[in-house]
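Here the structure is laid out as structure tokens; the discussion comes afterwards.
The values are calculated or read from the model by the stated rules, or taken from the named source; none is laboratory data. A quick note: this is a predicted structure, and the numbers were derived from the prediction, not measured. Cβ coordinates were reconstructed from backbone atoms using ideal geometry, including for glycine residues, and neighbour counts include every protein chain displayed.
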Amino acid sequence: MPGRSALPPEERFHDHGVPMPEDISESVRDLPPLRSVHTTSFPQLLNELGISLFVTTYQANKLVILRSDGAVLNTHFRGFNKPMGLALTGDRLAIGTALEIWEYHNVPAVTERSEPIGGHDACFLPRSSVTTGDIQIHEMVWVAPSGHGASTGSRSADDELWFINTRFSCLCTRSGIHSFEPRWWPSFITQLAPEDRCHLNGLCSVPDEQRNKFYVTALGETDTPGGWRANKKSGGILMDTSSNRVLLGGLSMPHSPRWYAGRLWLLESGNGAIGWVDPVNNRYQCLAELPGFTRGLDFFGRFAFVGLSQVRESAVFSGIAIAERPIEERCCGVWVLDIESGQTVAFVKFEDALQEIFAVAVLPGRRYPDLINDNLSVIADSFVLPDTALGRTRQDR
């Protein structure tokens, strides 16, 4: 049976880089609303792995950058309008928001002008945006063109961005003319209508030699407006888009399917769980239960980085197992698990104003990145040119 694992008693907590005393309850009364506490193992692990994390919270309208700053964790916030899905390939980042999809590229030269000077090893600048309208965008993934196999991880103008259009119950790509381009929808969906008929939400791709294969999750096999709400506790499904059939049902609000280390992973959010699909008996195998609504998942090495939401009482979350736990036992943050043992090895917990997480993305090889979206002077004076033009430009500024 999976259990709720505890951290060693010697772990201590920090808040925004400042060590906190052992009695946390007496140290929080005068702290800012975007407050976080973390185990000392969290920044140590990021530093050892040479990574950082991007985290979205639509509830607080923030992109959170988690990065190691010595022995403490630096939590860096950037404002967006309801940020949801994240998709990262090499130096190319996409962020889905309330009405748009933003694309950012890492421009290393800008790190020389970002505070602290010389302190960053990546800086993402906006390159383009596409207006989708309010489609309730959820997860997104970069996909190599059909027949080209997996994306190499380097920046490629040929990669397509696929995303979940929850409001229209379909899987889409971007369009320079239309709000979106529908590419797939569940076989039980009889009409593309802005009615959130099954709450399609999770997406991952498994490249093969001929095409990219997708797995998606939804909260119900339903074809009426909001029909998934009637049985959200156990009506969730996992689908294979290539066959357009349901592989697994009876799930509690599933999210974040991922193909990693030869396994199809899945979050059974309603139970606060992470696990995988057993290919032999086609059942969900739980690895661990965590103290929150699990949503947002990425991997690096033998570690899983799982987003947790506190899910306060509401019509959306009522009736599921995780919402029946006492509020003090439900957390918002990012938990790190060893996927071999299921044990928690580190976590960062957000408190007060930040209560829900949607996406978690690992930035490999980037220990201290930045993203610029509100510094107009930096954006105005940063120019990205093709290599053929660089020889005709001044290099002294």
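Summary table
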quantity	calculated
Selection from the stretch 238-257 of residues that are more than 18 Å from Glu289 (Cβ to Cβ) and either in contact with a His (Cβ under 6 Å, 6 or more places away or on another chain) or surrounded by fewer than 24 Cβ atoms within 10 Å (Cβ to Cβ) (or both)	Leu238, Asp240, Thr241, Ser242, Ser243, Asn244, Arg245, Val246, Leu247, Leu248, Gly249
Top-ranked residue of the stretch 354-397 - restricted to ones that are of a type in the set (Ser, Thr, Tyr) and at pLDDT below 75, ranked as nearest to Leu34 (Cα to Cα)	Thr393
Residue identified as within 19 Å of the chain's Cα centre (by Cα) and surrounded by 23 or more Cβ atoms within 10 Å (Cβ to Cβ) among Cys172, Cys204	Cys172
Residue in the stretch 92-107 that is nearest to the chain's Cα centre (by Cα), counting only those that are assigned to a loop (DSSP other than H, G, I, E, B) and either crowded, with 22+ Cβ neighbours inside 10 Å or modelled with pLDDT of 95 or more (or both)	Thr97
Residue that is in a strand (DSSP E or B), over 13 Å from Pro369 (Cβ atoms) and over 15 Å from the mean Cα position of the chain (by Cα), where the choices are Leu45, Leu73	Leu73
Residues satisfying the stated conditions in the stretch 108-135, i.e. in contact with a His (Cβ under 7 Å, 6 or more places away or on another chain) and either at pLDDT 85 or above or exposed (fewer than 15 other Cβ atoms within 10 Å of the Cβ) (or both)	Phe124, Leu125, Arg127
Complete set of residues in the stretch 200-228 that are farther than 18 Å from Trp162 by Cβ and at pLDDT 95 or above	Leu219, Gly220, Glu221, Thr222, Asp223, Thr224, Pro225, Gly226, Gly227, Trp228
Pairs with Cβ under 8 Å, 6+ apart, first in the stretch 66-77 and more than 19 Å from Asp298 (Cβ to Cβ) and acidic (Asp, Glu), second modelled with pLDDT of 90 or more and surrounded by 16 or more Cβ atoms within 10 Å (Cβ to Cβ)	Asp69/Pro43; Asp69/Tyr368
Tabulated pairs, the stretch 222-241, first on the phi < 0 side of the Ramachandran plot, second surrounded by fewer than 16 Cβ atoms within 10 Å (Cβ to Cβ) and among the polar types (S, T, N, Q), C-beta under 7 angstrom, 6+ apart or interchain	Asp223/Thr190
Qualifying residue in the stretch 311-327 (condition: touching a strand residue (DSSP E or B) at 6+ places or on another chain (Cβ under 7 Å), closer than 28 Å to Leu247 by Cβ and part of a helix (DSSP H, G or I))	yes
Close pairs (7 angstrom Cβ cut-off, 6 or more residues apart or separate chains): of a type in the set (Asp, Glu) in the stretch 297-323, at pLDDT 90 or above anywhere	Asp298/Phe305; Asp298/Val360; Asp298/Ala361; Asp298/Val362
Sole exception among (1) closer than 19 Å to Ile322 by Cα; (2) free of Cβ contacts under 8 Å to residues at least 40 places away in the same chain; (3) under 20 Å from the mean Cα position of the chain (by Cα) for Gln285, by number	(3)
Selection from the stretch 287-310 of residues that are farther than 22 Å from Arg67 by Cα and in a loop (DSSP other than H, G, I, E, B)	Leu290, Pro291, Gly292, Gln310
Unmet requirement for Glu48, which otherwise passes all of (1) charged (D, E, K, R); (2) touching a Gly at 6+ places or on another chain (Cβ under 9 Å); (3) modelled with pLDDT of 95 or more	(2)
Qualifying residue in the stretch 323-343 (condition: crowded, with 23+ Cβ neighbours inside 10 Å and out of contact with any Leu (no Cβ under 8 Å at 6 or more places or on another chain))	no
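So that you can scan it fast, the table gives a plain yes or no per residue for (1) over 23 Å from Val306 (Cβ atoms); (2) out of contact with any helix residue (DSSP H, G or I) (no Cβ under 6 Å at 6 or more places or on another chain); (3) charged (D, E, K, R):
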residue: Arg229; (1), (2), (3): yes, yes, yes
residue: Met239; (1), (2), (3): no, yes, no
residue: Arg245; (1), (2), (3): yes, yes, yes
residue: Ser252; (1), (2), (3): no, no, no
residue: Pro257; (1), (2), (3): no, yes, no
residue: Gly262; (1), (2), (3): no, yes, no
residue: Leu267; (1), (2), (3): no, yes, no
